[in-house]
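These notes are about the structure you will find just below.
The values are calculated or read from the model by the stated rules, or taken from the named source; none is laboratory data. The model shown is predicted, which means the values in this text are computed figures rather than measured ones. Counting neighbours? That spans all protein chains shown, and the Cβs are built from the backbone with ideal geometry, glycine included.
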Amino acid sequence: MIARPKSCATAKTPGTHRRICRILALVPMCAALWAQPPNPSPAQDPPLAIDMARVVGLVQNRNLEVQASREGIVAAKEKVGEAQALRLGRVGVDASYIRFDDPISISSPPVQFAGTTIAVPPTILAPSDSVHVRLEAGLPLYTGGKIANAVGQARAGEKAARALSGNTEVATILDAERLYLAVLLGRDVVRLNDRALESYRHHLADAQVAYREGVAANYDVIRAETAVAEQEKRSIEARNRLQLAEAALRTALDLSEPARIDIIGALFEPPPPPPLADAQAAAIAGHPGLAALRDKVEALERAEKMEKADYLPQVAAVMGKETVTSKLAQTDPTWYAGVHASWSLFEGGARRARVAEKASEAARVRIELRHGEEQVRLAVRSALLDYDSQKSALDAARKAAELAAESLRLATKRFAVSAGTSLEVLDANVALTAAGISVQNSLFNMTVAYLEIHRQAGDISDVATRIQK
């Protein structure tokens, strides 16, 4: 019987067999790891969608000018607290240390008693080290209305600070909305120029074909090539203006360059504005800048009354207590309480000058308020006239765009059958592009004029959040 050779598996030693089994057990694990896809890149946040309503929110929450104006409200509020604190009086500590060369004393002559002279020691009135640590308090009882008017002045100042901050906010919202609309206008201008460029290139191809077939002159080809080059220049300029508008919008909204944004929306025709009389009345009542001037007048009137209070006596309750009694003189009280009154009878005309100064400042601000009201009325009238003129321009531009589109269609057909010239096609294309840009410009200017009316009325934030279609 012939012996068969042992197989490789049976020929292995037990230790080798175990090592092979372990390696085979690791194979599925390695295959699973190799089969896993590479780690995906972290998901990016979606771009920030920006429309007219979002512009309002970003201005209110991020614009640096608006944030700075609100710090003025904080400062004015603290002035109110400072004025109110005058009613609570004051509590303080007054400390002093005086070193005398010798104790202050009273010497008495010696006394004769039963034939004996007895020396009388001196009476110490104050030690050589005099220490005073006095706890003092005072509470105003009557100030002639000075404290009440100080509080009123501070509160009027706070209202004026809020109104000024509101004026900064509505003005910044208008500027930011104008930049947002400028971006929308820039996109439409880029689109219209790209469409015109495509039309020019298509006409250039037609002119080249017609020239090769002998039905058009070489002039038509050169003229079309020149039109393409000029339109490429206009398209580049339109893109540059769009990028500049987007950068300005980012700055107004305090958005960094790496921030991803998606400017959504399109230019639209705003609703009709209110009549002139109603718009002017709403602006006079709601303009935050005028409200700030009114509050400033009130604050100055309060300041004038504060100065007049100096003509009246000032009365306060006072009290004090010595906290360190070991170093007091015998004549020093350990505590006291009473009423302190003061009345300035003559200051050489200084009080009268201060009162006149505040009265003059209040009169000046009243004149500024009247001038501001006239300026607001004029701004409303100007915005309404701009709206009306742009509305007429929009109607004319739409008719012109309709006519230019038909002219381009006819000129293209005439050139295709050799009945027209290349110049007719190019001129019609220019007219169509210009009419389309005029339509978008009119929509832009109409919306800006409408927002200007509501900026003067102080309600632009509410209008801008709901006006966009």
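Numbers for the structure displayed
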quantity	calculated
Condition check for Ala337: under 25 Å from Tyr311 (Cα atoms) and of a type in the set (A, V, I, L, M)	no
Residues satisfying the stated conditions in segment 441-469, i.e. crowded, with 22+ Cβ neighbours inside 10 Å and under 30 Å from Glu406 (Cβ atoms)	Ser442, Leu443, Met446, Thr447
Flag for Arg223 being more than 30 Å from Thr172 (Cβ to Cβ), touching a residue at least 40 places away in the same chain (Cβ under 8 Å) and either charged (D, E, K, R) or in a loop (DSSP other than H, G, I, E, B) (or both)	yes
Residue tally, condition surrounded by 21 or more Cβ atoms within 10 Å (Cβ to Cβ), of a type in the set (A, V, I, L, M) and within 19 Å of Val439 (Cβ to Cβ), over segment 184-233	5
Selected residue (only one of Lys296, Lys308 is of a type outside the set (A, V, I, L, M, F, W, C) and modelled with pLDDT under 95)	Lys308
So Ala464, is it in a helix (DSSP H, G or I) and either more than 38 Å from the chain's Cα centre (by Cα) or over 30 Å from Ala53 (Cβ atoms) (or both)	no
Residue check for Tyr180: of a type in the set (Phe, Trp, Tyr) and either more than 30 Å from Ala247 (Cβ to Cβ) or assigned to a loop (DSSP other than H, G, I, E, B) (or both)	no
Evaluation of Ala156 against (1) over 30 Å from Ala299 (Cβ atoms); (2) in contact (Cβ under 8 Å) with a residue 24 or more places away in the chain (one fails), failing number	(1)
Residues of segment 413-463 satisfying the condition of being in contact with an Asp or Glu (Cβ under 6 Å, 6 or more places away or on another chain), within 25 Å of Leu290 (Cα to Cα) and of a type in the set (Gly, Ala, Ser)	Ala449
Test: residue in segment 391-411 that is in contact (Cβ under 8 Å) with a residue 40 or more places away in the chain, touching a His at 6+ places or on another chain (Cβ under 9 Å), of a type in the set (A, V, I, L, M) and in a helix (DSSP H, G or I)	no
Given (1) in a helix (DSSP H, G or I); (2) basic (Lys, Arg); (3) touching a residue at least 12 places away in the same chain (Cβ under 8 Å), index of the condition Lys469 fails	(1)
Long-range neighbours under 7 Å by Cβ, at least six apart or interchain, first residue in contact (Cβ under 8 Å) with a residue 24 or more places away in the chain within segment 271-289, second crowded, with 19+ Cβ neighbours inside 10 Å and not in a helix (DSSP H, G or I)	Ala279/Pro273; Gly286/Gly458; His287/Gly458; Pro288/Gly458
Conditions (1) more than 17 Å from Leu197 (Cα to Cα); (2) touching a residue at least 40 places away in the same chain (Cβ under 8 Å); (3) not in a loop (DSSP other than H, G, I, E, B); number of the one not met by Ser418	(3)
Verdict on Ala316 being buried (at least 20 other Cβ atoms within 10 Å of the Cβ) and either modelled with pLDDT of 90 or more or under 30 Å from Leu174 (Cβ atoms) (or both)	no
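A quick yes/no check of all residues on (1) surrounded by 11 or more Cβ atoms within 10 Å (Cβ to Cβ); (2) under 17 Å from Ser256 (Cβ atoms); (3) of a type outside the set (A, V, I, L, M, F, W, C); (4) modelled with pLDDT of 95 or more:
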{"site": "Ser41", "(1), (2), (3), (4)": "no, no, yes, no"}
{"site": "Gln44", "(1), (2), (3), (4)": "no, yes, yes, no"}
{"site": "Ile50", "(1), (2), (3), (4)": "yes, yes, no, no"}
{"site": "Glu65", "(1), (2), (3), (4)": "yes, no, yes, no"}
{"site": "Ala85", "(1), (2), (3), (4)": "yes, no, no, no"}
{"site": "Leu88", "(1), (2), (3), (4)": "no, no, no, no"}
{"site": "Val91", "(1), (2), (3), (4)": "yes, no, no, no"}
